[in-house]
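A short worksheet on the structure shown next.
The values are calculated or read from the model by the stated rules, or taken from the named source; none is laboratory data. Bear in mind that the values here come from a model prediction, so they are computed numbers and not experimental data. A quick note on method: Cβ atoms are made from the backbone with ideal geometry, for glycine too, and the neighbour counts reach across all protein chains shown. Keep in mind that these areas ignore ligands, DNA and RNA; they rest on the heavy atoms of the full protein, side chains included. Shrake-Rupley method; radii C 1.70, N 1.55, O 1.52, S 1.80 Å.
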Amino acid sequence: MAMDARELRNLFGHFATGVAVVTAKLPDGNKVGVTISSFNSISLEPELVMFSLTNTLLSLPAFESAVSYGINFLAADQQEVSRRFAVKGEDKWADTAMRHGESGAPLLDGALAHIECSLHQRVEAGDHVIFICRVISFATPGATKEPLVFFKGRYCGIETPAPLCQSA
Ligand SMILES: Cc1cc2nc3c(=O)[nH]c(=O)nc-3n(C[C@H](O)[C@H](O)[C@H](O)COP(=O)(O)O)c2cc1C
């Protein structure tokens, strides 16, 4: 059956996700970062997480040469940060408040949570590369903030007060 790529992409958009900015420290000291929705946790023993990057990403070679990665879960008040790190080829760092974590990975101010990690396994999958990474350290500096949610191509928040959220 021939599939319409746009319709399939729309279908994928019906799966609500959080939004993160994945950053990388490069061997020459430079840094890169892109907005992603493809984060997932994988394993506790060992501690593994993953994200996938499209082959057309200008910064893909930089990500592949990285020393370490920072995964920054964005808060609902960080739509602007998400947009900035989703613009192709732009200097995404000019107005970005950040610090370097213990691995050197750039960690963004205002994020819900940070993970620092290093490459465990690289998997080519169609038009994306899956980065499976081993967690080095983690923190939840914005634990009381609402998450930024991406659903059907739009940004949303979770309006339900946390005490009223239903058990899964
Ligand atoms: C909410 C959102 C989620 C995204 N998720 C991904 C993703 O998981 N993987 C990916 O490769 N690009 C994703 N993108 C697109 C990239 O952020 C965008 O292509 C990238 O910043 C361009 O970087 P470049 O200048 O290195 O090409 C997403 C964009 C948005 C707005």
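A dipole drawn for the chain from +1 and -1 charges on Cβ atoms has a positive end, and of 131, 93, 49 the residue lying farthest that way is 93. Note on residue 145: lysines with a C-alpha under 24 Å away, same-chain residues under 8 apart excluded, are 92.
Remark on residue 128: its backbone amide H falls under 5 Å from those of 55, a criterion applied only to residues 5 or more positions apart or on other chains, H modelled at 1.01 Å from N. Calculated from the alpha-carbon coordinates, segment 18-164 shows an Rg and a Dmax of 14.6, 48 Å respectively.
Straight-line cross-link partners of residue 152 among the aspartates and glutamates, defined as a Cα under 12 Å from its Cα and at least 8 positions apart when in the same chain: 7. What separates the Cα centres of segment 126-161 and segment 40-118 is a distance of 10 Å. Here the chain is assigned +1 on the Cβ of each Lys and Arg and -1 on the Cβ of each Asp and Glu. Its dipole about the Cα centre then comes out at about 180 debye.
For segment 11-115, applying the loop criterion from DSSP together with a ceiling of 13 other beta carbons within 10 Å to the trypsin sites (Lys or Arg not before Pro) yields 88.
Along segment 96-106 the Karplus relation, 6.51 cos²θ - 1.76 cosθ + 1.60 evaluated at θ = phi - 60°, assigns HN-Hα couplings of 9, 7, 7, 9, 8, x, 5, 8, x, 5, x Hz to successive residues, with x for each Gly and Pro. Within the accessible area of the chain, the carbon and sulfur atoms contribute 55%, probe 1.4 Å, all protein chains present. Across segment 61-70, coupling constants 3J(HN,Hα) worked out from phi with the 6.51/-1.76/1.60 Karplus curve, θ = phi - 60°, read x, 5, 4, 6, 9, 5, 7, 8, 10, x Hz, and Gly and Pro carry x. Note: segment 1-50, Cα convex hull, 160 Å³ per residue.
Given only helices, namely DSSP H runs of n ≥ 4 each adding -39500 (n - 2.57), what is the per-residue ellipticity at 222 nm of the chain, to the nearest 500 deg cm²/dmol? Mean residue ellipticity at 222 nm (helix-derived): -2500 deg cm²/dmol.
In this structure the chain gives 60 Å² per residue of accessible area when probed at 1.4 Å with all protein chains present. A straight Cα-to-Cα reach below 20 Å connects residue 31 with the aspartates and glutamates 64, 80, 90, 91, 95, 102, 109, 116, residues fewer than 8 places away in its own chain not being considered. Based on Cα contacts under 8 Å between residues 6+ apart, the chain shows a relative contact order of 26 percent. Under the combined filter of DSSP loop state and at most 15 neighbouring Cβ atoms within 10 Å, segment 32-104 retains these GluC sites (Glu not before Pro): 90, 102.
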